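These notes concern the structure reproduced below.
The values are calculated or read from the model by the stated rules, or taken from the named source; none is laboratory data. These numbers were taken from a predicted model, which means no experiment stands behind them. Note: ideal-geometry Cβ built from the backbone for every residue, glycine included; neighbour counts use all protein chains shown. We work out accessible area using only protein heavy atoms, side chains counted, and drop any ligands, DNA or RNA first. Shrake-Rupley method; radii C 1.70, N 1.55, O 1.52, S 1.80 Å.
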Amino acid sequence: MAEIQKVIESQLLQAAKIVEDKLDEEIGKMERMDEDDLEALRRRRLEELKKQEKLKREWLSKGHGEYDEITEEKEFFDICKKSENVVCHFYKPSTFRCQIVDKHLSILAKKHIEAKFCKLNVERAPFLTDRLKIKILPTITLCKNGKVKDYIVGFDDLGGIDDFSTDTMAWRIAQAGIIQYHDSAPPQSSVRSQSKIIRGKQNTNDSDDDD
């Protein structure tokens, strides 16, 4: 227990040191700038803001910002064609842990409009479920540029517990480059949960529902 705690503390200290070094570097750059440099920086920043605003309008026009139910398999392909980043939850109404995923994805859909969040009942999508080899529920597919890039299967990647945080879900989705999550280190609750699994205190195989 003490050794695991030391490893966690060391990781957190390293992450804090990296952030501190980056801040020092940025402050140093600002101090060396003259008026022309600052004006050019302001112009670039204004252009970036304009591009971001244009992107936001485009995302919202495609239905981003909402966690929608897909009723047909064809919709899944249409969404993946329209949106660069897609988070799709394959679920079954009778599976309790799918409801937990719904709660977190509903929150993230509103916070991360850079991705389209949706869900699809596997009972209505036998062809797609078989094609994507989805056998355990819940399964979240993370798609980029029309292709499935990664899967979150069950809760093993989320700490192996039912009460993982929404931040833990966001961090895991961000590992596939689907949403923007600025902290490179996983949330502390996720680190603690993973350490429990390493010690053999939890077994999450029973928590997943075979389809």
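In the list Ala115, Ala174, which residue meets the criterion of being open to solvent by less than 10 Å² (accessible area, probe 1.4 Å) and not hydroxyl-bearing (Ser, Thr, Tyr)? Before the answer, list the steps.
Details: Ala174 fails: open to solvent by less than 10 Å² (accessible area, probe 1.4 Å).
Sole residue among the options that is open to solvent by less than 10 Å² (accessible area, probe 1.4 Å) and not hydroxyl-bearing (Ser, Thr, Tyr): Ala115.
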(request) Working only within region 40-74, note down all residues that are over 17 Å from Ala115 (Cβ atoms) and touching a residue at least 24 places away in the same chain (Cβ under 8 Å). (result) Thr71, Glu72, Glu73
(request) Identify all residues within region 157-166 that are crowded, with 19+ Cβ neighbours inside 10 Å and assigned to a helix (DSSP H, G or I); write none if there are none. (result) Asp157, Leu158
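Would you check if there is a residue in region 58-72 being among the aliphatic types (A, V, I, L, M) and either under 14 Å from Ile173 (Cβ atoms) or touching a Ser or Thr at 6+ places or on another chain (Cβ under 6 Å) (or both)? Quick ask: steps written out before the conclusion?
Step one: of region 58-72, the residues among the aliphatic types (A, V, I, L, M) are 60, 70.
Cutting the leftovers down to either under 14 Å from Ile173 (Cβ atoms) or touching a Ser or Thr at 6+ places or on another chain (Cβ under 6 Å) (or both) gives us none.
No, that holds for no residue.
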(request) For residues that are closer than 30 Å to Pro186 by Cα and modelled with pLDDT of 70 or more, tally how many sit in region 27-54. (result) 7
(request) Give region 154-185 a look and list any residue that's more than 17 Å from Asp102 (Cβ to Cβ) and free of Cβ contacts under 8 Å to residues at least 12 places away in the same chain, or say none. (result) Ala174, Tyr181, His182
(request) Sort out which residues of region 111-153 are farther than 21 Å from Glu84 by Cβ, assigned to a loop (DSSP other than H, G, I, E, B) and either out of contact with any Phe, Trp or Tyr (no Cβ under 6 Å at 6 or more places or on another chain) or without any contact (Cβ under 8 Å) to a residue 12 or more places away in the chain (or both), and write them in order of number. (result) Ala125, Lys133, Lys135
